[in-house]
Amino acid sequence: GLKAECGKTDKASAALVKDLKQRGLLKDTLVIWGGEFGRTPMVQGGTNDGRDHHPNAFTMWLAGGGVRAGSTIGETDEFGFNATKDRVHVHDLHATVLHLLGLEHERLTFRHQGLDFRLTGVEPSRVVREILA
């Protein structure tokens with residue numbers, strides 16, 4: 001049923017972006033499509049158990065709101081198991097979304113139990129400038 005389900009999703013998401021563009025709202029609206037993790041490229045357990053959560057490689061797409069149309073960042077290995085080129089960490093995605101909203105992610109800190117934390121994590125994160133319009 002994957003093809004049928006993807007068809008339903010594709011039509012609805014394409015209609016949303018097209019409608020926003022026709023109304024002149026796409027330039028000011030950031031559309032983000034994805035999830036918090038990917039799925040393994042193979043079925044688990046050799047049966048019909050489905051595919052498990054997989055943080056090593058996943059896909060997100062963005063439209064409008066300052067994102068350059070047609071941009072593709074990153075690649076996986078031949079199995080789709082691991083990101084191998086131009087990896088974008090989820091914290092980098094968050095930093096980029098905050099940048100597109102006009103916020104500096106490095107200034108958004110909060111103190112918890114005597115430590116400073118950022119919304120984009122404590123590890124270095126970056127704005128993915130390659131996708132900015």
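The values are calculated or read from the model by the stated rules, or taken from the named source; none is laboratory data. All values derive from a computational prediction rather than experimental measurement. No Cβ is skipped: glycine too gets one built from the backbone with ideal geometry, and neighbour counts run over all protein chains shown. Keep in mind that these areas ignore ligands, DNA and RNA; they rest on the heavy atoms of the full protein, side chains included. Shrake-Rupley method; radii C 1.70, N 1.55, O 1.52, S 1.80 Å.
Let me check against my output: what whole-number percent is the relative contact order of region 73-133, with C-alpha pairs under 8 Å and at least 6 apart? Numbers along the way, then the final one.
Numbers: 67 pairs, mean separation 19.2, N = 61.
The value is 32 percent.
Evaluate the relative contact order of the chain (contact order divided by residue number), counting alpha-carbon pairs under 8 angstrom at least 6 apart; express in whole percent.
On the way: 166 pairs, mean separation 24.9, N = 133.
Once divided by the residue count of the chain, the mean separation gives 19 percent.
Note on region 1-96: with neighbouring protein chains present and a 1.4 Å probe, carbon and sulfur make up 53 percent of its accessible heavy-atom surface. Within region 43-133, the proportion of Cα pairs with more than 18 Å between them is 57 percent. Taking label positions 7 Å along the Cα-Cβ direction at both Asp86 and Thr109, the computed distance is 3.2 nm, reported to one decimal.
Think of a 1.4 Å ball rolled over the protein heavy atoms: region 52-127 then has 70 Å² of accessible area per residue. Applying a DSSP loop filter and a limit of 11 other Cβ atoms within 10 Å to the GluC sites (Glu not before Pro) in region 26-91 leaves Glu36, Glu78.
Using a probe of 1.4 Å on the protein chains alone, the accessible area found for Arg87 is around 150 Å².
For the peptides 91-97, 28-34, the ranking by packing is 91-97, 28-34, with the highest mean count of neighbouring Cβ atoms within 10 Å listed first.
So what is the diffusion coefficient of region 1-90 in µm² per second by Stokes-Einstein at 10 °C and 1.306 mPa s, using a Kirkwood Rh over Cα pairs? If you can, show how the numbers build up before the last one.
Working: Rh = 15.2 Å.
Approximately 105 µm²/s, per Stokes-Einstein.
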